[in-house]
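Please treat every number below as a calculation from the coordinates, not as lab data. These numbers come from a predicted model, not from an experiment.
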């Protein structure tokens with residue numbers, strides 16, 4: 001994965017930690033997150049030494065959710081608009097979950113709450129890779 005403004009990967013043996021690394025914005029998920037997440041997961045999936053991925057977050061908050069300020073233009077796209085009538089007015093269309101690529105690799109996932117005094121968030125999402 002090329003350098004990311006919002007994600008960091010750390011590896012420790014067979015475990016990789018994918019850090020949401022935008023604590024100053026409470027790890028809000030904006031365009032950079034949605035662009036970089038599939039790249040990071042593809043990199044980790046291709047690494048045969050990684051058996052588990054922990055998704056964690058820097059700062060006191062795991063995430064406040066969608067970055068509404070950054071995503072406003074996409075969220076305000078007209079429903080049923082013609083292809084190329086995207087919110088930016090540049091011919092691009094807003095991404096949708098319908099066009100998202102789905103990873104069908106069997107995996108086990110768990111969301112765990114853990115106490116933390118280290119300045120990282122307590123919620124951690126763990127994905128085990130086959």
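Odds and ends about this structure:
- Shape category assigned to segment 1-70 from the gyration tensor of Cα positions, a/c cut at 1.5: prolate
- In terms of overall dimensions, segment 1-41 has a Cα radius of gyration and Dmax of 10.4, 31 angstrom.
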